[in-house]
1. Specify the residue that is surrounded by the most Cβ atoms within 10 Å (Cβ to Cβ); the eligible residues are those in the range 264-274 that are more than 17 Å from ALA179 (Cα to Cα) and touching a residue at least 24 places away in the same chain (Cβ under 8 Å).
2. On the basis of being surrounded by 17 or more Cβ atoms within 10 Å (Cβ to Cβ) and under 20 Å from the mean Cα position of the chain (by Cα), does ALA93 make the cut?
3. Find the residue count for the range 51-86, including only residues that are of a type outside the set (S, T, N, Q), in contact with a helix residue (DSSP H, G or I) (Cβ under 7 Å, 6 or more places away or on another chain) and crowded, with 24+ Cβ neighbours inside 10 Å.
4. State whether the residues of the range 97-107 include one that is among the basic types (Lys, Arg), at pLDDT 95 or above, under 26 Å from SER67 (Cα atoms) and in contact with a helix residue (DSSP H, G or I) (Cβ under 7 Å, 6 or more places away or on another chain).
5. Residues being modelled with pLDDT of 95 or more, under 27 Å from ARG177 (Cα atoms), in a loop (DSSP other than H, G, I, E, B) and of a type in the set (A, V, I, L, M): count how many of those fall in the range 1-40.
6. Would you mind stating whether GLN251 is of a type in the set (S, T, N, Q), free of Cβ contacts under 8 Å to residues at least 12 places away in the same chain and either more than 22 Å from GLU186 (Cβ to Cβ) or in a loop (DSSP other than H, G, I, E, B) (or both)?
7. Is there a residue being in contact with a Leu (Cβ under 6 Å, 6 or more places away or on another chain), over 28 Å from LEU185 (Cβ atoms) and part of a loop (DSSP other than H, G, I, E, B) anywhere in the range 130-138?
8. Given the conditions (1) crowded, with 20+ Cβ neighbours inside 10 Å; (2) under 19 Å from the mean Cα position of the chain (by Cα), report the number of the one that PHE121 does not fulfil.
Amino acid sequence: MSNRGPIEQEGVTLRFWGVRGSTCASGPDFVQFGGHTPCVEVRCGERLFILDAGSGLNALGAHHGTSLPRRVDLLFSHLHLDHIAGLPFLKPAVLDPSREIHTYCGNLDGASAAETVDRLFSPPIFPIPLDVLPARFVHHGFRAGETLTFEDGMQVGTIPLHHPQGATGFRFRHGGRTACYISDLEHTEPWPDPALRRFVEGADLVVYDGMFTQGEYPACRGWGHSTWEKGVELCRAAGVGQLAIIHLYPQHTDTMLLGMEQQLKAAMPTAFIARERQEIVLPALARVPAVA
C-alpha cells in the first residue's frame with residue numbers, strides 16, 4: 001500500500017489557456033494555436049495554481065465553472081497588460097461571494113499587485129473597481145527568488161527573470177515530477193544564464209518564452225523576449241525532458257508556427273509549440289520501497 005495521500009499519488013498536469021504574447025490574435029489563420037494571451041493552469045495532484053491572468057483566464061473559468069476551488073491561487077509572472085487583463089473575467093469565481101482570489105507578485109521588490117490592479121480596474125479605464133465584485137481579492141507580494149509556501153504546505157520555487165520592470169519564473173515539483181514556467185524572459189550573454197540553468201535543471205518540462213524568430217529578434221532587442229533556439233540551448237544544458245514554447249508573436253500564423261515547430265522538433269524532438277487547451281500530464285513517479 002502506498003504511504004502517500006491521494007494528492008501526492010498524482011503528478012503534475014499543465015493546461016494552456018492562453019499562449020499569445022502582447023495582444024490577442026484572431027481570424028482563420030490563428031485557429032490551431034489559439035489567440036488568447038497568457039494563462040496556464042498547473043495542477044499538483046488536485047491542487048490548482050493559475051499562472052498569469054491574460055485573456056485566456058476567461059476560458060479557464062468557463063471550462064471549470066463552479067468546480068473551481070473556494071480559494072484560487074493566481075501567480076503573476078509580472079503585471080504587463082497582456083498578463084493581467086483577464087483578471088475580472090474569471091467567471092464564475094469573481095461572481096461568488098464565498099470565494100477568495102489570492103494573487104502573488106514577485107517583480108515589485110516585495111510589493112503586491114494591489115496598487116497596479118486597483119489603478120487599472122477602475123473608471124474611466126474599467127467600469128467598476130474590483131472590490132465591487134462579489135469575490136474577495138487578496139494580494140500578496142514577495143521578491144522573486146524566494147520560495148512560496150502556502151497554507152497547505154505546498155511550495156513553489158521562484159526566480160527573477162530578465163525583462164523590462166522584471167518578471168518571475170516558477171518551479172513546481174510534485175509526485176517526483178518538475179515543471180517550470182519561464183515566460184517573459186530575454187536571453188542574456190553568455191547563455192544559458194547559470195542561475196536559470198540551475199533553476200530548471202532536471203525538469204520534466206520547461207515552458208519557455210519563444211516569441212521571436214532569430215531573424216526578428218535583433219530588431220526587438222530589449223523588449224524582454226527570447227527565441228525557441230535559446231530555449232533549446234537552455235534545456236540541453238540543464239538536462240530538461242520537454243520544452244513548450246509560449247508567448248507566441250501575435251502575427252505568427254498557424255502556417256508559420258507549424259513550420260517553426262518542424263525546425264524546433266528537428267533540434268529537440270520532445271519540444272513543441274503550445275496550443276490553447278492543450279494538456280500535458282506528467283504522471284507521478286512510483287516510489288521505490290526502502291530495503292529493510
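1. LEU264
2. Judged against the criteria, ALA93 is a match.
3. The total comes to 7.
4. Checking the range 97-107: at least one residue is among the basic types (Lys, Arg), at pLDDT 95 or above, under 26 Å from SER67 (Cα atoms) and in contact with a helix residue (DSSP H, G or I) (Cβ under 7 Å, 6 or more places away or on another chain).
5. Qualifying residue count, the range 1-40: 1.
6. The answer is no for GLN251.
7. The answer is yes, given that some residue of the range 130-138 is in contact with a Leu (Cβ under 6 Å, 6 or more places away or on another chain), over 28 Å from LEU185 (Cβ atoms) and part of a loop (DSSP other than H, G, I, E, B).
8. Only one criterion in (1) crowded, with 20+ Cβ neighbours inside 10 Å; (2) under 19 Å from the mean Cα position of the chain (by Cα) is unmet by PHE121, namely (2).
The values are calculated or read from the model by the stated rules, or taken from the named source; none is laboratory data. Since we're looking at a predicted model, the values are computed, not measured. For neighbour counting, all protein chains shown are included, and Cβ atoms are generated from backbone atoms with ideal geometry for every residue, glycine included.
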